[in-house]
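The values are calculated or read from the model by the stated rules, or taken from the named source; none is laboratory data. No experiment lies behind these values; they were computed from the predicted model shown. Methodologically, a virtual Cβ is constructed for each residue, glycine included, from the backbone with ideal geometry; neighbour enumeration extends over all protein chains shown.
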Amino acid sequence: MTQRTPHTDSYYASTRNDTVDRPILKEHIEADVCIVGGGFTGMSSALHLAEAGFKVVVLEAARIGFGASGRNGGQLVNSYSRDIDTIEKNYGMSIGKTLGDMAFEGGNIIRERIEKYNIDCDYKPGGIFAAFNKKQMHDLTEQKALWERYGHTGLELLDENSIKEQINSGAYIGGLLDHTGGHIHPLNLLLGEAAAFESLGGVIYEDSKVIEVVRSETPVVKTEHGQVTAKYVLMAGNAYMAGLIPELAAKSMPCGTQIVTTEVLDESVAKALIPNGYCVEDCNYKLDYYRVTGDNRLLYGGGVTYGGGDPASIQAFIRGRLEKNFPQLKGVKFDFAWGGDFLLTMSRLPQFGQLTPNIYYAQGYSGHGVTTTHLAGRLIAEAMKGHAERFDAFGQLKHFPFPGGRLLRVPYTAIGATYYGLRDKLGI
Ligand SMILES: Cc1cc2nc3c(=O)[nH]c(=O)nc-3n(C[C@H](O)[C@H](O)[C@H](O)COP(=O)(O)OP(=O)(O)OC[C@H]3O[C@@H](n4cnc5c(N)ncnc54)[C@H](O)[C@@H]3O)c2cc1C
């Protein structure tokens with residue numbers, strides 16, 4: 001019997017709602033659309049396409065949700081990793097307006113999915129951006145005005161007293177509460193979307209790594225034991241897809257980030273940490289992000305390893321950060337510690353486009369991908385149905401290689417991050 005690839009040993013994998021092994025592709029089949037990668041980009045697109053009547057096959061190298069989508073902080077962060085004013089400045093008001101109008105759609109898609117397909121994924125509304133200093137607070141005030149300009153209401157500035165009511169930590173001087181942010185158990189969201197996709201006739205193969213995509217008029221997607229001939233292909237392997245899109249390799253960089261979960265805390269202890277159950281990310285360049293899970297653990301993530309991978313001890317790395325914010329949890333037991341890779345671009349904006357007229361790609365959400373992957377799925381389905389205007393608005397964004405080439409891009413980027421980290425410490 002073939003050995004199946006396990007999930008990484010995470011809190012999410014140990015509390016997932018579905019432990020089914022999907023089959024390995026061992027034949028030659030045909031489909032309207034073949035999707036390479038079973039993360040949020042792939043599964044969100046698959047579900048939108050199946051809803052539109054397409055015959056869709058998803059090929060996943062390991063297990064669906066094996067990558068960042070099944071390992072992340074679970075935070076529904078609105079907008080993009082580069083905010084709309086920078087897009088307006090760098091790409092012009094017209095592209096800024098088109099992208100700005102879509103900036104809050106991904107979160108709505110997730111809420112619609114949860115409701116429509118009755119997905120059990122511990123959804124809780126509300127997310128806080130927490131500021132350590134006046135400069136960060138000033139930026140949050142500007143962000144609120146900017147997002148309101150794009151019609152996003154439901155934002156609330158928190159002063160020093162009000163943030164202490166929301167987060168039992170002395171670390172912050174204020175923050176911004178986004179009532180339409182929130183958090184989910186990401187692997188269970190993904191598995192719920194997969195079940196919805198399958199209920200519409202969609203087919204998923206696991207342990208079926210794509211080794212070649214033949215870029216012919218009718219593309220052929222090859223795995224070790226089988227192949228799919230499809231009218232359209234979507235490349236959705238993100239940071240885990242080394243080598244399949246060589247023309248984009250220099251313009252993106254895998255980066256690691258790590259998470260721990262504590263043991264289950266007494267309900268009163270968990271509630272005292274974040275009384276209204278919001279998720280939190282701070283405003284530092286290398287930010288920390290945390291929340292209380294459905295079963296009352298503190299789930300705490302942070303840091304970035306440029307080039308991907310994990311530090312020698314994830315637990316030691318996160319413990320210092322966690323205990324600085326929450327000294328009341330000093331010595332708390334960790335039950336799980338894991339890492340995962342996301343894909344960074346120079347502009348911090350995602351890369352959407354076409355390798356040929358019928359081979360699409362979407363990747364590079366630069367650390368904030370839970371909502372944007374869901375937007376991506378809708379835009380890809382629109383494009384394959386012949387309405388590419390919104391997909392093409394992302395496709396027009398210019399992407400540049402990281403300086404330093406393959407050998408030096410990691411140290412160069414790390415030096416840049418150290419500079420911005422210093423600015424965070426100095427509050428400038
Ligand atoms: C630890 C961590 C915490 C994060 N926290 C947050 C957060 O709180 N909020 C937020 O918005 N974003 C967060 N992110 C980012 C977010 O998770 C990602 O942007 C998003 O999940 C990317 O989804 P994806 O489907 O594009 O890629 P992935 O989820 O990585 O999926 C890619 C899939 O493709 C498969 N694959 C790769 N190559 C092949 C191949 N050759 N053949 C077949 N399959 C292949 C992989 O096995 C994988 O399953 C976090 C990321 C990490 C790593």
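Candidates are the residues of segment 42-59 that are out of contact with any strand residue (DSSP E or B) (no Cβ under 7 Å at 6 or more places or on another chain) and outside any helix (DSSP H, G or I); the one that is surrounded by the most Cβ atoms within 10 Å (Cβ to Cβ) is 52. Screening segment 78-107 for residues that are free of Cβ contacts under 8 Å to residues at least 40 places away in the same chain, of a type outside the set (Lys, Arg) and assigned to a helix (DSSP H, G or I) and picking the one that is surrounded by the most Cβ atoms within 10 Å (Cβ to Cβ) gives 96. Of the set (1) closer than 22 Å to residue 10 by Cβ; (2) crowded, with 18+ Cβ neighbours inside 10 Å; (3) modelled with pLDDT under 95; (4) of a type outside the set (A, V, I, L, M, F, W, C), all apply to residue 311 but (2).
Is it true that some residue in segment 114-125 is among the basic types (Lys, Arg), farther than 30 Å from residue 196 by Cα and part of a helix (DSSP H, G or I)? Taking every residue of segment 114-125 in turn, none turns out to be among the basic types (Lys, Arg), farther than 30 Å from residue 196 by Cα and part of a helix (DSSP H, G or I). Looking at this structure, is residue 251 surrounded by fewer than 22 Cβ atoms within 10 Å (Cβ to Cβ), closer than 30 Å to residue 34 by Cβ, in contact (Cβ under 8 Å) with a residue 60 or more places away in the chain and out of contact with any Asp or Glu (no Cβ under 7 Å at 6 or more places or on another chain)? Considered against the rule, which asks whether it is surrounded by fewer than 22 Cβ atoms within 10 Å (Cβ to Cβ), closer than 30 Å to residue 34 by Cβ, in contact (Cβ under 8 Å) with a residue 60 or more places away in the chain and out of contact with any Asp or Glu (no Cβ under 7 Å at 6 or more places or on another chain), residue 251 comes out as yes. The number of residues in segment 172-218 being assigned to a loop (DSSP other than H, G, I, E, B), at negative phi and more than 14 Å from the ligand (Cβ to nearest atom) comes to 8.
Only one of 172, 232 is farther than 30 Å from residue 295 by Cα, of a type in the set (Ser, Thr, Tyr) and at pLDDT 95 or above; which? Spell out how you get there, then give the answer.
Working: 172 fails: farther than 30 Å from residue 295 by Cα.
Matching residue, one of 172, 232: 232.
Considering segment 219-251, and only residues there that are assigned to a loop (DSSP other than H, G, I, E, B) and small (Gly, Ala, Ser), the residue that is nearest to the ligand (Cβ to nearest atom) turns out to be 237. Among residues of segment 1-15 that are over 12 Å from residue 65 (Cβ atoms), those with a beta-carbon under 6 Å from a residue that is of a type in the set (Val, Ile, Thr) and surrounded by 14 or more Cβ atoms within 10 Å (Cβ to Cβ) at least six positions away or on a different chain give the pairs 11/261. Here are some conditions: (1) under 16 Å from the mean Cα position of the chain (by Cα); (2) surrounded by 22 or more Cβ atoms within 10 Å (Cβ to Cβ); (3) within 15 Å of residue 259 (Cβ to Cβ). Residue 318 meets all but one. Which one does it not meet? With respect to (1) under 16 Å from the mean Cα position of the chain (by Cα); (2) surrounded by 22 or more Cβ atoms within 10 Å (Cβ to Cβ); (3) within 15 Å of residue 259 (Cβ to Cβ), residue 318 is out only on (1).
Of all residues assigned to segment 279-286, at least one qualifies as being in a strand (DSSP E or B) and among the acidic types (Asp, Glu). Residue 246 meets each of the listed conditions (1) farther than 26 Å from residue 53 by Cβ; (2) modelled with pLDDT of 95 or more apart from (2).
Of all residues in segment 360-372, those satisfying the criterion of being outside any loop (DSSP other than H, G, I, E, B) and near the ligand (Cβ under 8 Å from one of its atoms) are 362, 363, 370, 371, 372.
Among the residues making up segment 330-359, those that are out of contact with any strand residue (DSSP E or B) (no Cβ under 7 Å at 6 or more places or on another chain), away from the ligand (no atom under 14 Å from the Cβ) and in contact (Cβ under 8 Å) with a residue 40 or more places away in the chain are 346, 347, 356. Cβ separations smaller than 6 Å between residues 6+ apart or across chains give the following pairs from segment 59-77 residues that are near the ligand (Cβ under 6 Å from one of its atoms) to residues that are part of a loop (DSSP other than H, G, I, E, B) and polar (S, T, N, Q): 59/208; 62/5; 71/10.
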